[in-house]
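Student: Handing you a structure now.
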Amino acid sequence: MRLGADEQDSVVLILGAGPAGLVLANILRAANVPTVVLERRTREQVRQRARAGFLAPDSVAVLREHGLAAGLDARGRTHDRCEFRSPAGSVELRYGELGAGQPHTVYPQQDLVTDLIAEYLAGGGVLHFGTTVERIEDIHTDRPAVLARDAAGAEIRFTGHYLAGCDGARGISRTAVPTTIAASDHGITWLALLMQAPPAGEAVIYGVHPDGFAGQMPRTAEVTRYYLQCDPGARPREWSDWRIWDELARRLDAPGRPAPATGPIIERGLVRLRSRILDPIQAGRLFLVGDAATSISPSAAKGANLAIVGAQLLAEALIPAVRYGKGDALQRYSEQALPRIRRAQEFSHWMIDLLHPPAGYGPETAYRRELQRARLHNLATSRSHQHVFADNYVGI
Ligand code: RFL
């Protein structure tokens, strides 16, 4: 087929240069499958987007297996303990010694994304920044296509043999898949903060406070992520540094435990806790990965991990299809991916119930508060609960 100047062809067209798209692109490129990645943001914007930090052992294994872990191995930090604080006291779990006995690796998502872009481009990968996909076409033919617009406003048509929708929770690709949607808006909003300060101690801290959840997530030696549950209509600018420090100190207070750090707040944003499971996550020659396939609340830090592991699963199904025309694994992609997605969702939902005070008043709310106390008590006292927690926390 001859292509016009405003038309480009590849084998796998990847929509989105987040963790899902970039892991997929790197694995396919190393297997000599031609790929093109389309990303609506600039390279600088993608590199600066701070989000996740906690990588599970499965994700680290995927990155190592494909030679994508040099930065993570050099600068990532092992993390193996978390602490639950409430006005009743605190409990620290060394989850690296519980369950399957595995730790997290803390490595900021923007550093991982920066490494993955560099690796892909160094190997000759094609990545168009500033290129927004506006329409997806012909997914039930052998040449699906997307219409995209570049930064200068020019329309370009890209064709491929397969499309990978890795364009995140607000992307366009999921709207092209006829699918059933299971969704929940948990009615909870967090102020997501980055503070220029080291964490108070090494542990993740979950503050279970009657006035709302507060959390500390270590990121680097200089920067720590904090969360504060806030009113759904809150405006981040209304939260001064002083107000944030006071509220963190109050909600994360526990006898004998270190107080959270105080340092300049260098980023403040809102995260609405929402969850969505799509089934199936494929249609014709379009396959969804990562947040495009499932939106998951950050309560259990699963999103980036699902993106990385999902990208490997799709790559392993695409390679035999492209090389030998064997599409069996591709046909089963949804079926293979969804059990892990459901488990991660179930655990994230359990964490939401554990961490947030039940909304409302009266006996019904009080009853749910009692259940919350029982869950915390189980975590503090029951070895079997601790093992199950650890397996779900790092293992899915
Ligand atoms: P991404 O990272 O959103 O990337 C999608 C990319 O697609 C681009 N895009 C388009 N490009 C072209 N045309 C279009 N029409 C496009 N529409 C979108 C976007 O610009 C973007 O670059 O999705 P991906 O790759 O699926 O990765 C998902 C993860 O980013 C996400 O799940 C995690 O960040 C969630 N998450 C966490 N996950 C963890 O595993 N561990 C954590 O510790 C953790 N902490 C977090 C988090 C998410 C957070 N927020 C902001 C929701 C902390 C926070 C605060």
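Student: Tell me, in nm to one decimal, what length is gained between Glu92 and Asp353 on full extension, where the rule is 0.36 nm per residue of separation less the Cα-Cα distance?
Tutor: Contour length minus Cα-Cα distance gives 92.1 nm.
Student: Let me ask something else about it. Nearest 10 degrees, 0 to 90: what angle lies between the long axis of helix 333-355 and the longest principal axis of the chain (Cα atoms)?
Tutor: Rounded to the nearest ten degrees, it is 20.
Student: Is it possible to state the helix-based mean residue ellipticity at 222 nm for the chain, with each DSSP H run of 4+ residues giving -39500 (n - 2.57), the sum divided by total residues, to the nearest 500 deg cm²/dmol? What is it?
Tutor: Taking each H run of at least 4 residues, the total per residue is -11000 deg cm²/dmol.
Student: So if we plug the beta-carbon distance of Thr42 and Ala169 into 1/(1 + (r/R0)^6) with R0 = 22 Å, what FRET efficiency do we get, rounded to 0.05? Please report the intermediate quantities before stating the final value.
Tutor: Values: r = 20 Å, r/R0 = 0.92.
Calculated value: 0.65.
Student: Let me ask you something else. Based on Cβ point charges of +1 for Lys and Arg and -1 for Asp and Glu, what charge dipole magnitude is obtained for segment 1-123 about its Cα centre, in debye rounded to the nearest 20?
Tutor: 280 debye
Student: May I ask for the distance between the Cα centers of segment 81-114 and segment 246-291, given as a whole number of Å?
Tutor: Centre-to-centre (Cα) distance: 14 Å.
Student: P(r) of the chain in 10 Å steps, Cα pairs, percent per bin?
Tutor: 5, 22, 31, 24, 13, 5, 1, 0
Student: Right, here's the next one. Which Cα, out of Gly89, Ala118, His104, lies furthest along the positive dipole direction of segment 63-153 (beta carbon charges, K/R +1, D/E -1)?
Tutor: So the residue furthest toward the plus end is Gly89.
Student: Tell me the relative contact order for segment 255-396 as a rounded percent, counting alpha carbon contacts under 8 Å between residues six or more apart.
Tutor: 18 percent
Student: Taking Cα atoms, how many degrees apart are the long axis of helix 362-381 and the longest axis of the chain, rounded to 10 and kept between 0 and 90?
Tutor: Result, in degrees: 90.
Student: Now a separate question. Filter the trypsin sites (Lys or Arg not before Pro) in segment 269-373 to those in DSSP coil with at most 14 other Cβ atoms within 10 Å of their Cβ, and list the result.
Tutor: When the trypsin sites (Lys or Arg not before Pro) of segment 269-373 are filtered for loop state and at most 14 Cβ neighbours within 10 Å, Lys326, Arg332 remain.
Student: Of Val204, Ser184, Ala169, which is farthest towards the positive pole of segment 144-211's charge dipole, taken about the Cα centre with +1 and -1 on the beta-carbons of Lys, Arg and Asp, Glu respectively?
Tutor: Toward the positive end, the furthest listed residue is Ala169.
Student: Any idea which of Leu228, Thr42, His66 is furthest toward the positive side of the dipole for the chain, if Lys and Arg beta-carbons carry +1 and Asp and Glu beta-carbons -1?
Tutor: Result: Leu228.
Student: What percent antiparallel are the DSSP beta bridges of segment 13-119, to the nearest 5?
Tutor: Taking every DSSP beta bridge with both residues in segment 13-119, the antiparallel ones total about 75 percent.
Student: Most fluctuating residue of Gly212, Gly256, Gly96 in a GNM of the chain with Cα springs under 10 Å: which is it?
Tutor: Maximum fluctuation in the GNM of the chain, among the listed residues, is at Gly256.
Student: So how strong a dipole does the chain carry about its Cα centre when Lys and Arg Cβ are +1 and Asp and Glu Cβ are -1, to the nearest 20 debye?
Tutor: Taking the Cα centre of the chain as origin, the dipole is about 300 debye.
Student: May I ask you to compute the full-extension gain from Arg332 to Tyr367, defined as 0.36 nm times their residue separation minus their alpha-carbon distance, rounded to one decimal in nm?
Tutor: So the chain would gain 8.3 nm between Arg332 and Tyr367.
Student: Could you compute the net charge surrounding Arg81? Neighbours are other residues with a C-beta less than 14 Å from the C-beta of Arg81; K and R count +1, D and E count -1.
Tutor: With Lys, Arg at +1 and Asp, Glu at -1, the neighbours total -1.
Student: On to the next question. How far is the Cα center of segment 332-379 from the Cα center of segment 172-196, in Å?
Tutor: What the calculation gives is 17 Å, centre to centre.
Student: Let me ask something else about it. Among the DSSP beta bridges whose two residues both lie in the chain, what percent are antiparallel, rounded to the nearest 5?
Tutor: 70 percent
Student: Treat each spin label as a single point 7 Å out from the Cα along the C-beta direction, and report the Arg77 to Arg235 distance in nm.
Tutor: 3.5 nm
We did not get these values from a lab; they are worked out from the coordinates using the rules stated. Computed from a predicted model, the values in this text were never measured in an experiment. As a convention, Cβ positions derive from the backbone with ideal geometry for all residues, glycine included, and neighbour counts pool all protein chains shown.
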